[in-house]
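Below is one structure, written out as structure tokens; comments come after it.
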Amino acid sequence: MRRKLLLLALLLPGVVVSAQQRTWSLAECINYAIENNITVKQSEVNVEQKDIDLNTAEARRLPGLSANASQNWSFGRGLTADNTYENANTSNSYFSLGADVPLFNGFQISNSIKMARLDLKAAVSDLERVKDDIRVAVAEAYLKILYSKEIAAVADSQVEIDAQQVNRLEAMAATGKASAAEVAAQKASLAQSQLTATQAYNDLNIAVLDLTQLLELEHPEGFDVAIPSMEAFQIKLLRKPEDVYERAIEIKPVIKSEEIRLEYAAQSIELAKGAFYPSLSLSGGMGTNYYTQSSRQSASFGEQMKNNFSQNLGLTLSIPIFSRFSTRNNVRSAKLNLANQELQLQNTKKSLYKEIQQLYYSALAAQDKYKSCIFAKDSAEESFALMRAKYENGKAGITEFNESKNNLMRAESDLVQAQYEYLFQTRMLDFYSGEELVL
């Protein structure tokens, strides 16, 4: 059936198959999407920004150093170097170098560094969550292509059956064994089958386009996916949702992100409490100046720079007494944020367990449907074979023949849908358990 699909695809215009096509595996699609997807790149930029924020927080431990220079001119009556006033033009040049370093500020710097590190970890975890979302989206789009291929193959087989019947009836009509009405009715059936096949190939092209857009490819021409082996569709024992969940909460980025944000919220309380403590800083500097006055003889620049050189060293202690309750309220708000984040973590875990339960029961239902569809398809094939023989021997009409043929097509389509639904659900259970998404 797949061989017929590929042969027809090469002959039909507009079908995304070419002699130079590249066949992509699911792993290749996922890796390419992760490397090129814009959402992933945006998350990577966010990680880099959080790394810069951490570096900024750590640098607050370092002393601050600044240099200053100023030049001032005064015209008319003004203060002289002797601290007297007279009418004269004066010029004053000042140069200084100063440094300050925080000695203690209620552990706010260390707490800020801890929070920045947690923020970076959360961003990294968010990046992994985005990558997981991309993996799932790619896998879903990939399986949609495989499903669309199979549906197109089913439609192709119906076209072939009707074409054979048209040829048979035309040959019989030539010898007077079939009427023109019978030939026309069969041609109408062939036209309907061709219309169904055309729609199936259109759906296939759209499915290919969806995946190539997800991969950020420029165009879908020449793109094709590898067909999994029949081993992928084998019925297997499903993992219990409790076992999958127990593993998922240890490895899934969505849980790790919320756990890190819980730590962040707890650390923000300590940061807010730091405003209750006094702060102590050390400062020091050196400076000199050069002064000239138009009405007096001034010492040389070098002599003044040497004679006016001075140094200073100081400690600054700031004790908070009353901050209009802002510090107290900041602490209360931080505690509320912590309580809210605890609820958010619980909700995320519950949502994860709910997703896993839904996956499990969907997989269980898909498994039962898959088994039933196999039986239904076998029965429909047997029924159609008998009806075809009766039709070709003139013991059944075209209406009965088409009804049996359509039943077979529905059975085949239902089987294709069931097997790929089963494959997707079981692979998702494996993925939540920490396994790679492979076929």
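The values are calculated or read from the model by the stated rules, or taken from the named source; none is laboratory data. Everything quoted here is computed from the prediction, not taken from an experiment. Here the Cβ is made from the backbone with ideal geometry for all residues, glycine too, and neighbour counts use every protein chain on show. Please note that ligands, DNA and RNA were not included when accessible areas were found on the heavy atoms of the full protein model with its side chains. Shrake-Rupley method; radii C 1.70, N 1.55, O 1.52, S 1.80 Å.
Figures for the structure shown
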{"quantity": "Among (1) crowded, with 19+ Cβ neighbours inside 10 Å; (2) at pLDDT 90 or above; (3) polar (S, T, N, Q) - the single one Gln165 does not satisfy", "calculated": "(2)"}
{"quantity": "Within the range 265-284, tally of residues that are under 24 Å from Ser96 (Cβ atoms) and open to solvent by 50 Å² or more (accessible area, probe 1.4 Å)", "calculated": "2"}
{"quantity": "Scan of the range 198-208 for residues that are surrounded by fewer than 19 Cβ atoms within 10 Å (Cβ to Cβ) and aliphatic (A, V, I, L, M), ordered by number", "calculated": "Ile206"}
{"quantity": "Residue that is surrounded by the most Cβ atoms within 10 Å (Cβ to Cβ) [pool: residues in the range 177-197 that are over 54 Å from the mean Cα position of the chain (by Cα) and free of Cβ contacts under 8 Å to residues at least 40 places away in the same chain]", "calculated": "Val183"}
{"quantity": "Count - residues of the range 253-296 that are in a loop (DSSP other than H, G, I, E, B) and of a type in the set (Ser, Thr, Tyr)", "calculated": "3"}
{"quantity": "Single match in Leu97, Leu103, Leu65 (criterion: part of a strand (DSSP E or B), open to solvent by 50 Å² or more (accessible area, probe 1.4 Å), farther than 24 Å from Met305 by Cα and in contact with a strand residue (DSSP E or B) (Cβ under 9 Å, 6 or more places away or on another chain))", "calculated": "Leu103"}
{"quantity": "Selection count, the range 366-409, where residues are open to solvent by less than 60 Å² (accessible area, probe 1.4 Å), under 40 Å from the mean Cα position of the chain (by Cα) and not polar (S, T, N, Q)", "calculated": "6"}
{"quantity": "Checking Ile235 against (1) open to solvent by 20 Å² or more (accessible area, probe 1.4 Å); (2) assigned to a helix (DSSP H, G or I); (3) hydrophobic (A, V, I, L, M, F, W, C), the condition it does not meet", "calculated": "(2)"}
{"quantity": "All positions within the range 410-423 that are open to solvent by 60 Å² or more (accessible area, probe 1.4 Å) and of a type outside the set (Asp, Glu)", "calculated": "Arg410, Gln417"}
